[in-house]
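What follows is one structure encoded as structure tokens, with my remarks underneath.
The values are calculated or read from the model by the stated rules, or taken from the named source; none is laboratory data. Everything quoted here is computed from the prediction, not taken from an experiment. Every residue, glycine as well, gets a Cβ built from its backbone with ideal geometry; the counts of neighbours run over all protein chains shown.
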Amino acid sequence: MAENVVIIGSGPAGFTAAIYAARAELKPLMFEGFMSGGTPGGQLMTTTEVENYPGFPGGGISGPDLMDKFRAQAKDFDTRCFQEDVTEVDFSSRPFKVKTAKQEVEAHSVIISTGAEAKRLHVPNEERLWSGGMSACAVCDGAMPAYRNQDLIVIGGGDTACEEAMYLTKYAKKVFIVHRRDELRASKIMAQRTIENEKIEVLWNTVMEDVYGEQFVKGANLKNVVTGETYEHPVAGVFYGIGHTPNTEFLGGQIKLDDHGYILVEPGRTHTDVEGVFACGDVQDKVYRQAVTAAGTGCAAALDAENWLSEKGLV
């Protein structure tokens, strides 16, 4: 028997969609993810303190704890959760088919909330020091006390890196952009603003080979790709600004994507180009990428799915 709604992916968007769908008595089934794109709980599972999600004064809450609360609330309303990766979908006929390595289910509607993964360099000490001074979101982590009035590094040379660096100047003593080329790839106006900012210095023709520190980042090992010179650069934090990869490979080209792989939705809605398929969270948002905005679109996706199912006489 086909499910009313299957939610692919978790995180703030997926769990919020599950809460709303469950309270609407749609009996949602969720595939949280497991190993590949769309890891259970999303990017917040690698975030230490979340200070900008409403409702948690006095220092915020850790990312994993916040996601535990989201998940527990979804399960309170009898959402069925499976920590499995969706490997394939079939939107060519109805009901839709959603497959994992362990099972295949049919669904009248599908909500996709598989998120996007920040691109990393995976230097040797990265896993050990991730969330100990390494991040891929300046807006999420830049205001933390450990980074205030400290020297920081941003890796990258495009608009994302420049935006991260500009944001960090609000809190940092100085921000160093590490860029492997001799000119920024950012738009002209963004590059100009970045170079003219007195709190930003671009380290041209430079790459980061590693980070160092015990529990927290103390600096980065840098290399000039022209001269071959290697040296240690003391900083309190390293931020990646080299973009994100939306987790959409499993869709097999059945949903319309933009040039960067993000799912395209109707303006102001969560409808995709396939009727009955909805998208929410970072998998369709390359602008804000915040937990609170993801949760908002999760709510919208559940409401859109409920209305669509009702219009079609499926519930």
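Worth pointing out:
- Of everything in the stretch 63-81 that is surrounded by fewer than 18 Cβ atoms within 10 Å (Cβ to Cβ) and not acidic (Asp, Glu), the residue that is nearest to the chain's Cα centre (by Cα) is PRO64.
- Matching entry among VAL235, VAL226 (being more than 18 Å from GLU183 (Cα to Cα) and not charged (D, E, K, R)): VAL235
- Taking the numbered list (1) assigned to a strand (DSSP E or B); (2) free of Cβ contacts under 8 Å to residues at least 12 places away in the same chain in turn, ASN221 passes all entries but (2).
- Considering residues of the stretch 20-49 that are of a type in the set (A, V, I, L, M) and surrounded by fewer than 22 Cβ atoms within 10 Å (Cβ to Cβ) only, the residue farthest from GLN215 (Cα to Cα): ALA24
- Qualifying residue in the stretch 174-183 (condition: in contact with an Asp or Glu (Cβ under 8 Å, 6 or more places away or on another chain) and assigned to a loop (DSSP other than H, G, I, E, B)): no
- Evaluation of GLY60 against the conditions (1) buried (at least 19 other Cβ atoms within 10 Å of the Cβ); (2) at pLDDT below 95; (3) more than 14 Å from THR16 (Cα to Cα); (4) not basic (Lys, Arg) shows that the sole unmet condition is (1).
- Qualifying positions in the stretch 41-55 - of a type outside the set (S, T, N, Q), under 29 Å from GLU126 (Cα atoms) and either in a loop (DSSP other than H, G, I, E, B) or in contact with a strand residue (DSSP E or B) (Cβ under 8 Å, 6 or more places away or on another chain) (or both): GLY41, LEU44, GLU49, VAL50, GLU51, TYR53
- Among the candidates ASP304, ASP273, the residue that is outside the structural domain of ILE177 (by TED's automatic domain parsing), without any contact (Cβ under 8 Å) to a residue 24 or more places away in the chain and more than 23 Å from ALA118 (Cβ to Cβ) is uniquely ASP273.
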